[in-house]
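The values are calculated or read from the model by the stated rules, or taken from the named source; none is laboratory data. Treat the numbers as computed from the prediction; the structure is a model and nothing was measured. Here the Cβ positions follow ideal geometry from the backbone for every residue, glycine too, while neighbour counts run over all protein chains shown.
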Amino acid sequence: MADLVEPIVSRQSPRFRFLLERREVLGAVFVAPAILYVFLLVGLPFLLAVYYSVSAYTIYDPSWRFVGLANFRQIVQNPVFLETLGNTFLFTFASQLLGLVLGKFGALLLLRPFPGRKFVRALIILPWAVPIALASIAWEWMFDSLYSVINWTLVALGIIDRAQAPNWLGNPHLAMLCVIVVNAWRFFPFAIVIFLAGITAVPPDVIDAATVDGAGFWRRNYQIIMPMILPIVAIGLIFGVVFTFTDLSVVYLLTNGGPVGATSVLAFQGFQVGIVSGDVSHGAAISLFMLPVLLVLVIGVLRFIRRREI
Amino acid sequence: MRRFVGGVLREVPFYGAVAFFVVLTAFPFYWMAITSFKSNSDLYNLTNVPFWFNEPPTLEHFQYLFEQTLFARWLLNSLIIGTCVVVITLLAALPAGYSLARLTGRGGETLGIGIFLTYLVPPTLLFLPLSRIVANLGLQNSMWSLVLVYPTFTIPFCTWLLMGFFKAMPIEIEEAAIVDGCSRFGAFIKMVIPLSLPAILTAVIFTFTLTLQEFVYALTFISSAAQKPVTLGVATDLIRGDIFFWGEIMAGALIASVPVAIAYNSFLDRFIEGITGGAVK
């Protein structure tokens with residue numbers, strides 16, 4: 001093979017060379033493998049998912065029979081699904097809000113130089129860096145019904161009694177609170193990093209000029225810095241929302257959707273129905289309910305990217 | 001003196017807030033670490049203060065992990081998966097990132113954004129069709145399914161990252177090489193790649209950590225214990241029936257977390273630069 005190729009290259013057949021010297025040709029050749037990979041393993045599967053959702057496909061009966069919107073109709077009529085839909089929005093909204101507040105606050109702290117700042121930053125990044133599955137089981141252990149360190153501390157401080165210690169993951173409301181907190185905990189370091197990147201990108205003379213003109217701390221923060229970093233924060237937020245809205249690992253590991261479906265979210269239910277029960281068509285239909293939200297977010301990303309290019 | 005005390009007092013809320021954040025983020029990992037070194041009798045005794053060692057620390061959980069479980073195998077699996085995905089990703093993303101930054105002009109911009117957007121397509125939308133595709137390829141229950149599927153998010157991610165770096169690189173270097181008689185392809189291989197080794201290293205580290213962090217595809221495709229990557233193995237396979245071996249689980253989680261945490265922290269600035277730079281410049 002090498003023998004065959006070698007002489008052509010060394011003789012540098014004018015046509016071959018001419019082609020690769022053209023920017024567009026080399027550009028297309030260079031970008032083709034990435035596009036092809038993504039098309040074959042993201043584009044096609046996506047279309048397949050759409051088709052599954054309107055078919056009667058299960059792993060036991062892999063038929064491609066078209067059933068129209070019947071799957072969607074059955075799903076929407078199921079009260080469990082409606083609860084799941086509500087959970088998903090609550091879970092996403094609450095954990096992103098909490099994450100953003102913590103992130104903004106943490107970024108303000110880290111903006112100021114102080115001894116050991118690098119070390120503190122390294123610690124604060126941890127929840128985002130460490131695989132979420134591993135961090136989730138650490139939290140599961142902290143929420144343990146008997147050996148919870150949180151309960152131990154609350155009892156030791158005299159806030160609660162051992163007998164009425166909360167069963168964090170066993171109570172529907174507390175379980176929801178737990179998955180929200182763990183998700184916010186996982187994302188706020190990312191928010192800090194995004195805020196910091198945005199704030200440090202603001203030219204110092206803009207801030208100086210504002211200070212000279214008499215703008216105080218809050219004014220500088222909310223009328224000058226915030227509008228300037230808004231695009232970058234928006235992109236960070238969109239990422240956060242996409243990954244929270246479509247995540248199942250925290251829920252799967254902490255509560256397994258329970259107790260009695262109280263923390264079941266769309267991605268988790270799609271997994272349960274489509275993979276665990278093997279009802280691929282209904283699972284795909286459930287997953288596709290994530291699509292409208294994703295589309296809105298993607299359009300949001302595009303608008304922000306475009307605006308920044310101008 | 002009074003001014004000094006006043007200064008210290010004024011700093012108290014600030015350092016208090018910093019301490020709050022540090023405890024919030026680091027405590028679960030402290031808890032992971034201390035659990036993994038505690039003896040079982042210490043762990044499961046409610047009268048002990050749980051925050052430190054009441055009995056001498058022990059390595060028994062680590063010993064059990066390596067001798068009685070498939071933990072070492074999972075580590076090896078993760079290493080193999082990560083390495084293969086890194087190779088595939090670089091082969092596709094390096095030329096693609098370069099092409100989108102330098103060769104394709106206005107259309108490349110749109111294409112670049114398009115590739116980046118596929119990074120936003122969540123695994124939970126694709127896992128059903130991909131699990132059927134994987135099964136049809138005969139890869140179900142095999143870690144090679146992950147080698148096939150992980151590049152679907154690492155390629156977009158690294159293409160975007162590298163595109164940002166290439167855009168920031170002075171174009172004169174390649175132009176000089178081309179003027180000196182290098183072909184465009186030659187300039188890429190001989191000039192661009194050696195000069196972007198730091199960027200490539202960043203891409204390698206992040207590809208590797210992304211494969212370690214991934215959970216959904218691994219959970220979906222792989223059920224036989226010997227094929228699991230370390231994250232999945234630790235999270236799902238150390239539970240016997242309803243009994244959680246917390247010492248072993250936390251020891252495994254600790255070992256798998258430490259390298260990722262270190263890698264992330266050392267490359268964080270480059271990562272941010274890449275993510276934001278690709279969009280700005």
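Things worth noting here:
- The residues of segment A:244-256 that are in a loop (DSSP other than H, G, I, E, B) and within 18 Å of the chain's Cα centre (by Cα), listed by number, are A:T246, A:D247, A:L248.
- Leading residue by the ranking (farthest from the other protein chains (Cβ to nearest Cβ)) among those in segment A:44-91 that are polar (S, T, N, Q) and crowded, with 16+ Cβ neighbours inside 10 Å: A:N87
- Residue list for segment A:265-292, restricted to those being in a helix (DSSP H, G or I) and either among the aromatic types (F, W, Y) or at pLDDT below 85 (or both): A:F268, A:F271
- Contact map, segment B:122-146: residues that are farther than 16 Å from A:L288 by Cβ and more than 8 Å from chain A (Cβ to nearest Cβ) paired with residues that are surrounded by 23 or more Cβ atoms within 10 Å (Cβ to Cβ) and aromatic (F, W, Y), Cβ distance under 6 Å, separation 6+ or inter-chain. Pairs shown: B:V134/B:F221; B:S145/B:F221.
- Taking the criterion of being free of Cβ contacts under 8 Å to residues at least 40 places away in the same chain and either part of a helix (DSSP H, G or I) or touching a Cys at 6+ places or on another chain (Cβ under 8 Å) (or both), the residues of segment A:52-85 that qualify are A:A70, A:R73, A:V76, A:P79, A:L82.
- In this entry, B:I115 passes the filter for residues that are of a type outside the set (S, T, Y) and facing another protein chain (nearest Cβ under 10 Å).
- B:F27 vs. criteria closer than 30 Å to B:A218 by Cα, facing chain A (nearest Cβ under 9 Å) and free of Cβ contacts under 8 Å to residues at least 24 places away in the same chain: yes
- B:V49, sole failed condition from (1) within 20 Å of A:Y147 (Cα to Cα); (2) under 26 Å from the mean Cα position of the chain (by Cα); (3) among the β-branched types (V, I, T); (4) facing chain A (nearest Cβ under 9 Å): (2)
- Annotation note: Cβ proximity below 6 Å between a residue of segment A:97-122 that is closer than 13 Å to B:A17 by Cα and more than 9 Å from every other protein chain (Cβ to nearest Cβ) and a residue that is in a helix (DSSP H, G or I) and aliphatic (A, V, I, L, M) (sequence gap 6+ or interchain) occurs for A:G103/A:A191; A:G103/A:I192; A:A107/A:I192; A:A107/A:L196.
- Considered as a group, the residues in segment B:91-107 that are surrounded by fewer than 21 Cβ atoms within 10 Å (Cβ to Cβ) and on the phi < 0 side of the Ramachandran plot include one that is nearest to the other protein chains (Cβ to nearest Cβ), and that residue is B:L91.
- Restricted to helices (runs of 4 or more DSSP H) entirely inside segment A:128-227, those with at least 3 residues that are within 30 Å of B:I249 (Cα to Cα) and without any contact (Cβ under 8 Å) to a residue 12 or more places away in the chain are A:132-142, A:149-156.
- Out of B:F116, B:F153, sole residue that is closer than 30 Å to A:H282 by Cβ and in the same structural domain as B:I200 (by TED's automatic domain parsing): B:F153
Condition check ((1) farther than 20 Å from B:F37 by Cβ; (2) modelled with pLDDT under 80; (3) part of a loop (DSSP other than H, G, I, E, B)) across all residues:
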{"position": "B:A226", "(1), (2), (3)": "yes, no, no"}
{"position": "B:V234", "(1), (2), (3)": "no, no, no"}
{"position": "B:E248", "(1), (2), (3)": "no, no, no"}
{"position": "B:A251", "(1), (2), (3)": "no, no, no"}
{"position": "B:A261", "(1), (2), (3)": "no, no, no"}
{"position": "B:S266", "(1), (2), (3)": "yes, no, no"}
{"position": "B:E273", "(1), (2), (3)": "yes, yes, no"}
{"position": "B:G278", "(1), (2), (3)": "yes, yes, no"}
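- Residues (closer than 20 Å to B:M143 by Cα and of a type outside the set (A, V, I, L, M, F, W, C)) located in segment B:193-226: B:T207, B:T209, B:T211, B:Q213, B:E214, B:Y217, B:T220, B:S223, B:S224
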